[in-house]
């Protein structure tokens, strides 16, 4: 984390500096757009997931673990993750702007918050951020900016109570694999290619990823590519052929077959359904918005 350097960006408004601030609910009751969060994907901003109630599973860097009530999950920008909330989960996912006054941990962290006063402080800050209102209004924007800084300080205090644990060999390979998938997402690599990049055999890679996150390496790669295909179909006007080429498929026909095997729909049918949902639920119509989401800006 870096030291605070106030007044370093006087030329920007509060709304400009808080661009990207966004919050959505984490709940199994929300049915629309669940694919956005339940399959491996990344965010360009740091993410803070706060689970005050319930339990479920979080996959980070191809490592799946359970979470319990009163858990804060902090993810640096571009960290591959997926979250599956349990039946009674209540929580929030907040995408945080890149502010030098409000650094977050540089590595993914899963933090149990045992102190009830700290739980209340964290819940209160996130609730008030979610209700911030129009950040173009200078006093409202300054208040939101202050809360993001307070949130950063609170997370740092909680993080100090949880010493780092060294990763074992399987977790290190899983993390390297997940990052390599992101780096080569659009190259159409096969399992054998990925194993070669990581200097392991396909069998060892498959066995390791199955042990760390419960699915094979090939399936992880497929789910990540198909999440990106869904995102582009839902959030852009790119044709299926353009998306197929961008994601390394040999042809639009091959992409359509592969997409159908994973989703049970053709790309055009998926896009039409997502657009109908967007019209009915405007909050889900923009990129990176999940169910019951709300932009704070």
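What the table shows:
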read-out	value
Residue within the stretch 29-45 that is part of a strand (DSSP E or B) and either in contact with a strand residue (DSSP E or B) (Cβ under 6 Å, 6 or more places away or on another chain) or not assigned by TED's automatic domain parsing to the domain that holds residue 94 (or both) present	no
Count - residues of the stretch 175-205 that are surrounded by 13 or more Cβ atoms within 10 Å (Cβ to Cβ), part of a helix (DSSP H, G or I) and out of contact with any helix residue (DSSP H, G or I) (no Cβ under 7 Å at 6 or more places or on another chain)	8
Criterion (surrounded by fewer than 15 Cβ atoms within 10 Å (Cβ to Cβ), more than 23 Å from residue 213 (Cα to Cα), in contact with a helix residue (DSSP H, G or I) (Cβ under 8 Å, 6 or more places away or on another chain) and without any contact (Cβ under 8 Å) to a residue 24 or more places away in the chain) met by exactly one of 124, 133, 120	133
Some residue of the stretch 162-174 being surrounded by 19 or more Cβ atoms within 10 Å (Cβ to Cβ), modelled with pLDDT of 95 or more and on the phi < 0 side of the Ramachandran plot	yes
Scan of the stretch 85-104 for residues that are in contact with a strand residue (DSSP E or B) (Cβ under 8 Å, 6 or more places away or on another chain) and either surrounded by fewer than 18 Cβ atoms within 10 Å (Cβ to Cβ) or not assigned by TED's automatic domain parsing to the domain that holds residue 29 (or both), ordered by number	86, 88, 90, 98
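Yes/no per residue for (1) in contact (Cβ under 8 Å) with a residue 40 or more places away in the chain; (2) within 26 Å of residue 72 (Cα to Cα); (3) in the same structural domain as residue 260 (by TED's automatic domain parsing):
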{"site": "173", "(1), (2), (3)": "no, yes, yes"}
{"site": "202", "(1), (2), (3)": "no, no, yes"}
{"site": "219", "(1), (2), (3)": "no, no, yes"}
{"site": "224", "(1), (2), (3)": "yes, yes, yes"}
{"site": "233", "(1), (2), (3)": "yes, no, yes"}
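The values are calculated or read from the model by the stated rules, or taken from the named source; none is laboratory data. Predicted, not measured: the structure shown is a model, and the values here were computed from it. Here Cβ is always computed from backbone atoms with ideal geometry, including for glycine, and neighbour counts include all displayed protein chains.
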